[in-house]
Amino acid sequence: MQNYGACLTTHDDNEVYVLGVNEYAELLGCSIDDFSEECKEYIGKTDFRYRKLSCTEKEKIILESLRQIHNGELSESGPQRKPAWEKGWHENLKEFENNDFDLQYLIPKFVRRNAVKRICGEYIMPYNPDFEVAFVKVMRRVLFGKYFSFANSIFEFGCGTGLNLVELAALFPDKRLLGLDWAQASCEIVSKIAISGKLRMESRLFDMYNPDYEVNLTRSDAVFTMGAMEQLGTGFTAFLDFLLKKRPLICINFETTNEIYTNETLSDYVAIEYTKKRKYLSGYLDRLRNLEKQGDIKILQEQRTFGGQYHEGYSFVVWKPV
């Protein structure tokens with residue numbers, strides 16, 4: 001694995017790394033030119049230091065992960081999970097309303113602070129308890145700016161608490177933004193954000209298992225998902241067919257998918273077993289690759305990046321119909 005953080009110091013054989021602009025460019029597979037001055041400034045003033053776990057720490061994390069996988073307590077993704085997502089987003093909605101529409105209360109509960117993370121298969125421990133939230137801010141600013149600037153409208157399928165749309169509204173205040181989700185509470189959150197922030201943002205119910213072809217998605221519009229398609233498991237065909245039929249300008253899927261875990265390491269083995277156990281998205285990237293071979297789509301970028309202890313859910317694939 002490459003060292004994605006510049007080494008700052010060495011003490012007691014523990015190297016301290018940091019993600020600067022150059023490291024982010026390599027990790028995201030982008031050019032320095034894709035970073036706005038504002039984004040560079042944000043990276044410079046944010047604590048992106050981390051250390052790699054020692055061999056003993058890695059063993060403990062792998063053991064903990066395997067026990068979690070095999071103890072029978074992990075829930076499986078699928079349509080039966082809809083009530084759980086409805087409940088979770090409703091909790092965020094109420095906290096958002098009860099705290100003067102403070103966006104901090106829209107951070108999903110599953111985003112863990114002060115926790116072990118992964119960068120391209122390497123276990124790391126950040127110094128910043130909110131490293132993950134900060135990482136996602138950089139990732140969104142760079143990739144949304146790079147790929148969505150020419151889109152008329154931007155659709156997020158599985159929009160959750162709407163924070164991705166808030167970032168888009170800051171980048172592209174004149175673009176029409178649509179948040180679609182199968183949970184009513186999610187749609188209510190997006191509507192509240194739009195009203196409280198006076199943003200050009202709309203919401204709509206949408207079930208990726210049963211796509212609504214009445215949605216006015218055109219060839220001038222952009223599409224993305226972030227940690228939403230993972231719930232589809234192997235049942236992604238209906239949604240993919242929907243996208244192929246609608247033929248949007250460009251699509252980005254920020255999702256964990258087993259095809260990216262190609263290192264012959266225990267950490268990659270754990271990630272594969274975890275995604276299998278949760279019945280997360282499987283076979284999607286291979287399907288896209290086959291569609292490209294058939295001449296139906298063009299894959300612009302495949303990138304393995306960052307995630308939590310169990311998998312790297314912020315990895316992504318960028319593609320477009322041809």
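On the accessible surface of the range 205-322, probed at 1.4 Å, how many percent belong to carbon and sulfur atoms? Kindly include the intermediate steps, with their values, before the conclusion.
Working: 2150 of 4660 Å².
That share works out to 46 percent.
With the charge dipole of the range 235-283 set up from +1 on Lys and Arg Cβ and -1 on Asp and Glu Cβ about the Cα centre, the Cα lying farthest toward the positive end among the listed residues SER267, PHE239, TYR280 is that of PHE239.
For the chain, a/c is less than 1.5, where a ≥ b ≥ c are the root eigenvalues of the C-alpha gyration tensor. That puts it in the rounded class. Taking one quarter of the surface of the C-alpha convex hull of the range 130-181 gives a mean projected area of 3.5 nm².
Tell me the relative contact order for the range 155-294 as a rounded percent, counting alpha carbon contacts under 8 Å between residues six or more apart. Provide the component values of the computation, followed by the final result.
Details: 220 pairs, mean separation 29.4, N = 140.
Normalised by residue count, the contact order of the range 155-294 is 21 percent.
Of the residues SER36, SER186, LEU217, the one whose Cα sits farthest toward the positive end of the charge dipole of the chain, with +1 on the Cβ of Lys and Arg and -1 on the Cβ of Asp and Glu, is LEU217.
Within the full protein context, the accessible area of GLU255 is estimated at about 10 Å² for a probe radius of 1.4 Å.
What is the range 113-154's relative contact order, in percent, from Cα pairs under 8 angstrom and six or more apart in sequence?
27 percent
Find, among the chymotrypsin sites (Phe, Trp or Tyr not before Pro) in the range 81-166, those assigned to loop by DSSP (not H, G, I, E, B) with at most 16 other beta-carbon atoms within 10 angstrom.
Answer in residue order: PHE101, PHE110, TYR127, PHE150.
Once you keep just the Cα pairs under 8 angstrom separated by 6 or more residues, what percentage relative contact order results for the chain?
Relative contact order comes out at 17 percent.
Its Cα centre serving as origin, the range 219-322 has a Cβ charge dipole (Lys and Arg +1, Asp and Glu -1) of approximately 420 debye. Given a 1.4 Å probe and the protein chains as shown, THR262 ends up with an accessible area of around 100 Å². Rolling a 1.4 Å probe across the protein heavy atoms gives the range 136-235 an accessible surface of 38 Å² per residue. When the solvent-accessible area of the range 99-146 is split by element, carbon and sulfur atoms take up 48 percent of it, the probe being 1.4 Å.
Here the chain is treated with +1 on each Lys and Arg Cβ and -1 on each Asp and Glu Cβ, and its dipole about the Cα centre works out to around 560 debye. Per residue, the accessible area of the range 66-119 comes to 63 Å² when a 1.4 Å probe rolls over the protein heavy atoms.
Taking N as the number of residues in the range 200-322, what is its Cα Rg relative to 2.2 N^0.38 Å? Don't jump to the answer; show the numbers that get you there.
On the way: Rg = 14.8 Å, N = 123, 2.2 N^0.38 = 13.7 Å.
Here the Cα radius of gyration is 1.08 times the empirical estimate.
Can you pull out the GluC sites (Glu not before Pro) in the range 62-104 whose DSSP state is coil and whose Cβ has at most 14 other Cβ atoms within 10 Å? In loop regions of the range 62-104 (DSSP not H, G, I, E or B), the sparsely surrounded GluC sites (Glu not before Pro) are GLU73, GLU76.
The values are calculated or read from the model by the stated rules, or taken from the named source; none is laboratory data. Just so it is clear, the structure is predicted and the values come from calculations on it, not from any experiment. Virtual Cβ from ideal backbone geometry, glycine too; neighbours counted across all protein chains shown. These area figures cover heavy atoms from the full protein model, side chains too; ligands, DNA and RNA do not enter into them. Shrake-Rupley method; radii C 1.70, N 1.55, O 1.52, S 1.80 Å.
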